[in-house]
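As structure tokens, the structure follows; a few thoughts come after it.
The values are calculated or read from the model by the stated rules, or taken from the named source; none is laboratory data. Computed from a predicted structure; not experimentally measured. Please note: Cβ atoms are built from the backbone with ideal geometry, for glycine as well, and neighbour counts cover all protein chains shown.
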Amino acid sequence: MPHIVEWKLVVEFGKNAIGMSHFIPQKVYQPYTEADRLRYIQDITLKQTIFFYSNNQSELGISLEDALKQRFKHLDDKDEPMFIGCGPSVSIRLQWPGYRPWTKQIPTMDFKNPKGPITKIKLAKNIANCVRRFIEVGPLESLHLCPLIDVYSKVGDTKAMEPDSDRRWKVGKRNIKVEDLVLVSLHHVSKGSWQPQLRLRKPFPQPNLHLGDCASSSAQ
């Protein structure tokens, strides 16, 4: 499908533009049934991909840390309105390797006076908050363990991966954090769903696995 081809092209462009191959290897979200794929993807016109271009030539995208701290000096088209003609909210989906699919809704409208669509600045911050939420408590939410979130977050063990996963992509305090990530683009992947293309700010250190990961692996 064309939107999947474009997803892959963004990764290739990133490799060629900045020599950075460490994009988060997400699978593109698709509805589970053939009927839903037809209804929510093939029978509609997906909107164009939103790119978070930087006027800093050494960067491709905006760091999530900058988005959270509202540092948008280098973001192109920062005041451009987003999601014109969409409903009141959209779902942001993450297909993070080693974890169950995760989703969170964000508003498409800014209710300040005057009311209108959110800008690219607001969208970047909303996505950064979604990714931060996933890293901090998302894996427990996907396992329906929300009452345990506060308890587990205190000991820093909210990030159990699925068996046989590549532990380089583990998220959490001693692993990949929101500060390590850059938002490159946002892709319309089904009628009400959008998926961010993310990359690491820096390549993995060597060796790739932390000692703490090995210890936690044997304990799981």
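Out of the residues in region 38-87 that are over 16 Å from the mean Cα position of the chain (by Cα) and of a type in the set (Gly, Ala, Ser), state the one that is farthest from Val178 (Cα to Cα).
Only one residue fits best here, namely Gly85.
Going through Lys112, Lys8 one at a time, which residue ends up being at pLDDT below 90 and closer than 26 Å to Lys177 by Cα?
Lys8
Identify all residues within region 172-182 that are surrounded by fewer than 23 Cβ atoms within 10 Å (Cβ to Cβ) and among the aliphatic types (A, V, I, L, M); write none if there are none.
Within region 172-182, Ile176, Val178 meet the criteria.
From the set of residues in region 105-131 that are surrounded by fewer than 18 Cβ atoms within 10 Å (Cβ to Cβ) and among the charged types (D, E, K, R), which is nearest to Trp7 (Cα to Cα)?
Looking at the filtered set, the residue picked out is Asp110.
When the residues of region 15-37 are narrowed to those that are among the aliphatic types (A, V, I, L, M) and closer than 17 Å to Leu183 by Cβ, which ends up modelled with the lowest pLDDT?
The extreme case among them is Met20.
Given the criteria in a loop (DSSP other than H, G, I, E, B) and surrounded by 18 or more Cβ atoms within 10 Å (Cβ to Cβ), does Glu136 qualify?
No.
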